[in-house]
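The values are calculated or read from the model by the stated rules, or taken from the named source; none is laboratory data. Because the structure is predicted, anything quoted here is derived from the model rather than measured. Because the Cβ atoms are built from the backbone with ideal geometry, glycine has one as well, and the counts that use them run over all protein chains shown.
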Amino acid sequence: MKCGLLGEKLGHSYSPMIHAALADYEYLLYEKSPAELEDFLLRGDWDALNVTIPYKKAVMPYCAELSDAARRCGSVNTLLRLPDGGIRGENTDTDGFRFLLRSLGFDPSGKKSVILGSGGAAAAVRAVLEEEGASEIVTVSRRGEDNYETLARHADARFVVNATPVGMFPHNGEAVCSLRSFPRCEAAADLIYNPARSALLLEAEELGIRHVNGLGMLVAQAKRSCELFCGRTIPEGEITRIEETLSRRMRNIVLIGMPGCGKSTIGKLLAEATGRVFCEADALAEREAGLSIPEIFRRGGEDAFRARETAVLTELGRLSGCVIATGGGCVTREENYPLLHQNAVIVWLQRDLGKLPKEGRPISLGSDLNELYARRRPLYERFCDLTVPNDGTPEETVHAILKKTV
């Protein structure tokens, strides 16, 4: 059986990994331009497809049959080749969003919901929210009557769903609006899953609003698609198993801690043990500046170095599945926290101050380490998700990190 994902740009899709975990059919990525769409649908060599941006509505005229869900949503994300060569259109995004709602633990019944975006995924979200009895459902788009300039009229919304691709890798940090526009919001969902914490979800976290990303929805809709492809039922527990596996694989492991605490040494070993790429923020800053860190300090002072460091962390924070060793002072700038936190578990490496070397470290050379640690300790505590001591062997430290993160 030849299966795959149809879209215009598919460079960072996780669908092949998900379907490989569900079944053993061939699953390929089919990047097609709008001009190529018709020929591929009618004469392409495929048996079943998933469909993504921007073709969820465009494929509908080619379907000889439509499921009730596809007809209700006015969009299709799954295509099945019929025995007579015709095409049946299904919508499994609705199955995916139902799972996401359960994961979030939020009941939209009797509550006003706002959907950001008006594409195919938004249509599936609306269909499910209607089923669940939302009291009012507002679709916000760039040009509609309800747009991003008129959000104030919907300040009473209790649930906000981002169904746009805004903020998705590689455009991390972007958002179509602020959750502060909805002061009564109780829950937020972002159908984006890369990064794991979009700008919208980072804001939800800051505001204490329950939230969820779109990875579970992606896996749940794939599971239902696979059932349609193969004509068999797959246990519900497979969704959680695959979601957790993917989440661990996508997640960065970020090391923070005092200068000389062993972040580079541990980071390299950790990357080797997990098959991840190792990235060192200080080394990247030196390479991009064409200067050593002491020279950067001499020429521009600490402020110049911190600005360069933030630029480097902006780049590294967008990555997935890496080990990232940071500079000891990255925690002194609050803007670095969302850059690192968006896609990572942050590990604070702790080491006896008496074992910390100072050579080649401008801040350490000019400071009393005890005083420096006293100032930075609350900052490390603020940034980190977990702490690991690094006073034994490097292998012991790596093993301790792996137990807590992988």
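Pairs are defined by a Cβ separation below 7 Å, a sequence spacing of at least 6 or placement on different chains, a first member in the stretch 232-253 that is under 24 Å from L269 (Cβ atoms) and at pLDDT below 95, and a second member that is β-branched (V, I, T) and in a loop (DSSP other than H, G, I, E, B); the pairs so defined are R248/V406. Would the stretch 140-163 turn up any residue that is among the β-branched types (V, I, T), in contact (Cβ under 8 Å) with a residue 40 or more places away in the chain and assigned by TED's automatic domain parsing to the domain that holds F99? There is at least one residue in the stretch 140-163 that is among the β-branched types (V, I, T), in contact (Cβ under 8 Å) with a residue 40 or more places away in the chain and assigned by TED's automatic domain parsing to the domain that holds F99. G301 - would you say it is exposed (fewer than 15 other Cβ atoms within 10 Å of the Cβ), out of contact with any strand residue (DSSP E or B) (no Cβ under 6 Å at 6 or more places or on another chain) and modelled with pLDDT under 95? Yes. Checking each residue in the stretch 18-66 for being crowded, with 16+ Cβ neighbours inside 10 Å and basic (K, R) picks out K32, K56. Among the residues of the stretch 219-235, is there at least one that is more than 27 Å from N194 (Cβ to Cβ) and either buried (at least 19 other Cβ atoms within 10 Å of the Cβ) or small (G, A, S) (or both)? Yes; the residues of the stretch 219-235 include at least one that is more than 27 Å from N194 (Cβ to Cβ) and either buried (at least 19 other Cβ atoms within 10 Å of the Cβ) or small (G, A, S) (or both). Screening G321, G257, G290, G262 for residues that are in the same structural domain as H341 (by TED's automatic domain parsing), within 20 Å of the chain's Cα centre (by Cα) and at positive phi leaves exactly one candidate, G321. The residue that is nearest to the chain's Cα centre (by Cα), among those in the stretch 363-406 that are among the hydroxyl-bearing types (S, T, Y) and assigned to a loop (DSSP other than H, G, I, E, B), is T393.
Which residues, taken from the stretch 40-75, are charged (D, E, K, R) and part of a helix (DSSP H, G or I)? Within the stretch 40-75, R43, D68, R71, R72 qualify. Restricted to the stretch 76-106, and to residues there that are acidic (D, E) and not in a helix (DSSP H, G or I), the residue that is modelled with the lowest pLDDT is D84.
Based on what the data block shows, is L10 without any contact (Cβ under 8 Å) to a residue 24 or more places away in the chain and surrounded by fewer than 22 Cβ atoms within 10 Å (Cβ to Cβ)? Spelling it out, it is not the case that L10 is without any contact (Cβ under 8 Å) to a residue 24 or more places away in the chain and surrounded by fewer than 22 Cβ atoms within 10 Å (Cβ to Cβ). The set of residues in the stretch 11-39 being closer than 19 Å to L191 by Cβ and in a loop (DSSP other than H, G, I, E, B) consists of G11, H12, S13, Y14.
Taking (1) buried (at least 17 other Cβ atoms within 10 Å of the Cβ); (2) modelled with pLDDT under 95; (3) not assigned by TED's automatic domain parsing to the domain that holds E227 in turn, P170 satisfies each apart from (1).
A Cβ distance below 8 Å, combined with a sequence gap of six or more or placement on separate chains, defines the contacts here; from the stretch 187-212, residues that are within 18 Å of S113 (Cβ to Cβ) reach residues that are part of a loop (DSSP other than H, G, I, E, B) and among the aromatic types (F, W, Y) in the pairs A187/F106; R210/F106. Among the residues of the stretch 117-173, just one is within 30 Å of E315 (Cβ to Cβ) and charged (D, E, K, R), namely R142.
Please determine whether any residue of the stretch 214-229 is of a type in the set (K, R) and free of Cβ contacts under 8 Å to residues at least 12 places away in the same chain. Checked the stretch 214-229: no residue is of a type in the set (K, R) and free of Cβ contacts under 8 Å to residues at least 12 places away in the same chain.
Close contacts from the stretch 300-321, counting a first residue that is over 17 Å from A196 (Cβ atoms) and a second that is of a type in the set (F, W, Y) and in a helix (DSSP H, G or I), with Cβ to Cβ under 9 Å and a gap of 6+ residues or different chains, come to A304/F297; F305/F297. Within the stretch 265-293, the set of residues being surrounded by 15 or more Cβ atoms within 10 Å (Cβ to Cβ) and of a type outside the set (A, V, I, L, M) comprises T265, G267, K268, T274, R276, F278, C279, E280, D282, E286.
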